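The values are calculated or read from the model by the stated rules, or taken from the named source; none is laboratory data. Remember, it's a predicted structure, so these values are computed and weren't measured experimentally. Methodologically, a virtual Cβ is constructed for each residue, glycine included, from the backbone with ideal geometry; neighbour enumeration extends over all protein chains shown. For accessibility, only protein heavy atoms count, side chains too; no ligands or nucleic acids. Shrake-Rupley method; radii C 1.70, N 1.55, O 1.52, S 1.80 Å.
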Amino acid sequence: EVRIPDTLTGLLQVQLSNLPVMQRVALQRASVVGRTFWDSALTALDTGDSYALQLTPALAGLTRRNLIYRQERSSFTGTQEFTFANNLLFSEAYHSISEPIRSSYHGLAAEWLRKISGDAPAMAARIADHYDRAGEGLKAVRYLSLAADEAHRLNAFVQKRQFLRRAVNFAEETSLTPGTPDRATLLYRLGETM
């Protein structure tokens, strides 16, 4: 007798657990980076664990299984961009990682994205989100402020308020980090949006 899972989520969990180890590790790391991810980001998430990630064959295997799709163009030069086949798979891969490992991966993903994007305003919200999920709220403040500026430029004022509110929650009374606004500055900017 073969037991078939009752739900699609159960089926995805079985599919994930039956993947070769390197493909499962690659998929899990990719899920931390985001629904869209890059091959070099997965390498940057190497935390010195016991897996010497063989990236190219793992990604090729996942592509053959139609779990991820390779994009023709990449947002960043010198990287290959991929997308998860669907949101459920993305979510299941993400939640199959323990919280402490996920947190450390988010910190590494933020650093990788910050370096490769050159602090591009279009990536500020994504960088801030990674820092937030890594438990590094103070680092997120600068990028939330940049994301608010970008939202303002795009006339997305509701998003701007959301970014500033999040930044206020993490900000210190006095910022000692260059380029990071203090709490009073953020509150003033938030007040201007009302």
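Which one of Ala125, Ala120 is under 27 Å from Glu81 (Cβ atoms), at pLDDT below 90, open to solvent by 20 Å² or more (accessible area, probe 1.4 Å) and of a type in the set (A, V, I, L, M)? Don't jump to the end; show me each part of the working.
On the way: Ala125 fails: at pLDDT below 90.
Unique residue meeting the criteria: Ala120.
Condition test on Ser104, is it open to solvent by less than 30 Å² (accessible area, probe 1.4 Å) and modelled with pLDDT of 90 or more?
When the stated conditions are applied, Ser104 does not pass them.
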